[in-house]
Amino acid sequence: MAMKGYLDEYEKLVIRMNTPRVVIDNGVCSSATIVKVDSPRGHGILLEAVQILTDLNLSIKKAYISSDGRWNMDVFHVTDINGNKLNDQSVLSYIEQSIETVYYGEDIEVNGLTALELTGTDRIGLLSEMFAVLSDLNCDVVDAKLWTHNGRVASIIYLKDCTTGSPILDPHRISNIEGRLKNVLNGDNDVNSAAKTCVSMDAMTHVERRLHQLMFEDRDYEKRSKRHERDPMVVVTVQNWAERGYSVVNVHCRDRTKLLFDVVCTLTDMEYAVFHATINTSSDQAHLEFYIRHKDGSPISSEAERQRVIQCLEAAVERRASEGVRLELRHPDKQGLLAEVTRTFRENGLNVTRTEISTSCDMATNIFYVTDANGNGADSKLIESVREKIGLEWLRVKEIPSVIHKKGDGEEEQQTKAVLVSFGSLVWRNLFSFGLIKSCS
């Protein structure tokens with residue numbers, strides 16, 4: 001009995017030693033709430049903490065990530081979406097409890113729903129055709145997210161049967177749904193652009209992380225066309241620091257919500273470990289610097305690998321970049337609602353670049369980012385005309401792009417950013433040299 005009690009106490013000690021510890025401070029900084037996380041070093045631990053903060057729609061203004069031996073010490077400066085410190089005690093408690101326990105990601109209730117994963121060729125009117133097919137097959141879309149990038153599209157859709165409200169489990173019916181959607185997604189017949197549809201078997205993976213994985217698997221990062229040129233405001237550099245055995249990654253781009261999540265998610269899924277990092281934002285710009293190694297402890301080893309990391313991080317930043325006018329539809333849910341709305345978009349020359357669909361208490365809340373057919377900002381008169389057709393009380397303009405950047409005018413800014421990221425690397429290396437930050441082996 002004494003030995004059993006000893007083992008119980010030892011197990012409790014091990015659990016305490018391997019459980020992240022969270023301290024939240026609202027007094028140190030006048031402009032942000034400080035969230036400090038101490039945790040054992042492990043693959044994906046940093047991503048979990050960032051994921052919790054971003055799922056609360058919090059903005060990470062600054063962050064300092066450091067590993068000392070087998071322990072991580074992370075500090076985040078966060079605000080709410082309006083730039084204010086966090087004063088809601090329920091939110092603060094939720095952050096503490098979520099980081100200190102196992103967290104599986106964004107809370108989408110999948111019980112009673114069938115989840116489909118889709119990738120394919122993007123084109124004008126694609127979303128309208130997808131929802132028309134689902135409506136025709138008596139499928140009710142309860143939740144969905146869709147991203148487009150470089151002429152490709154990835155989506156996760158949660159369905160139920162319109163008549164019974166039950167999940168769709170019949171394999172023949174599922175096969176028919178997948179086949180119909182695949183025909184819509186295929187676009188051209190190029191074998192390299194082949195569409196994929198399948199029932200999702202990974203309900204525990206964070207939805208937006210899974211979207212990144214789907215686009216990565218689809219190799220959207222290397223598919224470039226004249227219509228989908230890279231964003232000149234996104235600058236990614238990768239250098240090796242041979243003396244310390246690190247690869248140093250710098251990302252400079254426009255600041256936006258969930259930026260840190262997108263970058264850390266991509267590094268994690270590419271099997272890189274972040275040992276040290278600094279994140280700084282100023283005005284509408286963000287500068288992120290990471291000291292990384294492979295999980296086996298080795299740095300990036302070839303020029304081909306270096307270029308691949310650059311391409312993948314550029315894609316990670318660009319995928320969620322908001323293109324177009326943000327429209328929000330709040331409407332009592334009904335069969336065929338999405339097919340009707342997106343058909344109106346298509347018939348009036350509006351292209352949907354990103355979508356978030358949700359349904360709660362028989363009310364649909366749907367967000368669409370739309371451009372004109374050429375990918376440029378949609379005319380305000382056209383937007384108002386579409387709103388009148390759908391219903392001014394149902395469809396509202398929630399966000400209009402504040403700045404439109406012309407293609408080809410970012411060359412000088414790129415050079416300036418390259419200097420900035422190099423300066424950031426120099427600062428960190430001096431900290432290492434003076435012993436203020438220890439290297440991790």
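Cβ contacts < 7 Å: first residue open to solvent by less than 50 Å² (accessible area, probe 1.4 Å), restricted to the range 28-56; second residue charged (D, E, K, R) and at pLDDT 90 or above, any location; separation 6+ or different chain. Result?
Once the first residue is open to solvent by less than 50 Å² (accessible area, probe 1.4 Å) and sits in the range 28-56, its partners that are charged (D, E, K, R) and at pLDDT 90 or above give A32/K61; A32/K85; T33/K85; I34/D25; V37/D74; L46/D74; A49/D74; T54/K258.
Show the residue pairs meeting these rules: Cβ distance below 8 Å; 6+ apart or different chains; first residue within the range 386-398 and of a type in the set (K, R); second residue in a loop (DSSP other than H, G, I, E, B).
Final answer for the pair search is K389/N348.
Taking the stated definitions as given, is E271 surrounded by fewer than 18 Cβ atoms within 10 Å (Cβ to Cβ), touching a Leu at 6+ places or on another chain (Cβ under 8 Å), in contact (Cβ under 8 Å) with a residue 12 or more places away in the chain and not basic (K, R)? Give the derivation first.
Numbers: surrounded by fewer than 18 Cβ atoms within 10 Å (Cβ to Cβ): yes; touching a Leu at 6+ places or on another chain (Cβ under 8 Å): no; in contact (Cβ under 8 Å) with a residue 12 or more places away in the chain: yes; not basic (K, R): yes.
No.
So that you can scan it fast, the table gives a plain yes or no per residue for (1) more than 13 Å from A315 (Cα to Cα); (2) open to solvent by 10 Å² or more (accessible area, probe 1.4 Å); (3) at pLDDT 95 or above:
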| residue | (1), (2), (3) |
| --- | --- |
| M204 | yes, yes, no |
| V235 | no, yes, yes |
| S247 | yes, no, yes |
| C253 | no, no, yes |
| L259 | no, no, yes |
| A286 | yes, no, yes |
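Residues are listed down the side, and each one gets a yes or a no for (1) free of Cβ contacts under 8 Å to residues at least 40 places away in the same chain; (2) more than 28 Å from P40 (Cβ to Cβ); (3) of a type outside the set (A, V, I, L, M, F, W, C):
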position	(1), (2), (3)
D262	no, no, yes
H276	no, no, yes
N280	no, no, yes
I310	no, yes, no
A316	no, no, no
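On the given criteria, is K182 open to solvent by less than 60 Å² (accessible area, probe 1.4 Å) and charged (D, E, K, R)?
Spelling it out, it is not the case that K182 is open to solvent by less than 60 Å² (accessible area, probe 1.4 Å) and charged (D, E, K, R).
Filter the range 360-390 down to residues that are assigned to a loop (DSSP other than H, G, I, E, B) and in contact with a Leu (Cβ under 9 Å, 6 or more places away or on another chain) and give me whichever is least open to solvent (accessible area, probe 1.4 Å). Spell out the reasoning first.
First, pick out the residues of the range 360-390 that are assigned to a loop (DSSP other than H, G, I, E, B): 361-362, 373-379.
Still in the running and in contact with a Leu (Cβ under 9 Å, 6 or more places away or on another chain): 373, 378.
Details: A373: 46, A378: 17 Å².
By that ranking, first place goes to A378.
Answer yes or no: is there a residue in the range 310-324 that is over 30 Å from S360 (Cβ atoms), at pLDDT 95 or above and open to solvent by 30 Å² or more (accessible area, probe 1.4 Å).
Within the range 310-324, one or more residues are over 30 Å from S360 (Cβ atoms), at pLDDT 95 or above and open to solvent by 30 Å² or more (accessible area, probe 1.4 Å).
It is to be established whether one or more residues within the range 123-133 are open to solvent by 60 Å² or more (accessible area, probe 1.4 Å), in contact with a Gly (Cβ under 7 Å, 6 or more places away or on another chain) and modelled with pLDDT under 95.
Yes - at least one qualifying residue is present in the range 123-133.
Would you be able to tell me the number of residues in the range 288-304 that are loosely packed, with under 15 Cβ neighbours inside 10 Å and closer than 24 Å to G42 by Cα?
Matching residues across the range 288-304 total 5.
Of all residues in the range 60-71, which are in a strand (DSSP E or B), touching a strand residue (DSSP E or B) at 6+ places or on another chain (Cβ under 7 Å), at pLDDT below 95 and open to solvent by 10 Å² or more (accessible area, probe 1.4 Å)? Spell out the reasoning first.
From the range 60-71, those in a strand (DSSP E or B) are 60-68, 71; that's our starting set.
Imposing the further condition that a residue be touching a strand residue (DSSP E or B) at 6+ places or on another chain (Cβ under 7 Å) reduces the set to 60-67, 71.
Still in the running and at pLDDT below 95: 66-67, 71.
Selection gives S66, W71.
For the range 260-275, check the following and say yes or no: at least one residue is within 16 Å of I310 (Cβ to Cβ), in a loop (DSSP other than H, G, I, E, B) and within 17 Å of the chain's Cα centre (by Cα).
yes
The values are calculated or read from the model by the stated rules, or taken from the named source; none is laboratory data. Only a predicted model underlies this, so the values are computations on that prediction, with no experimental measurement involved. Every residue, glycine as well, gets a Cβ built from its backbone with ideal geometry; the counts of neighbours run over all protein chains shown. The area values use the complete protein model at the heavy-atom level, side chains included, leaving out ligands, DNA and RNA. Shrake-Rupley method; radii C 1.70, N 1.55, O 1.52, S 1.80 Å.
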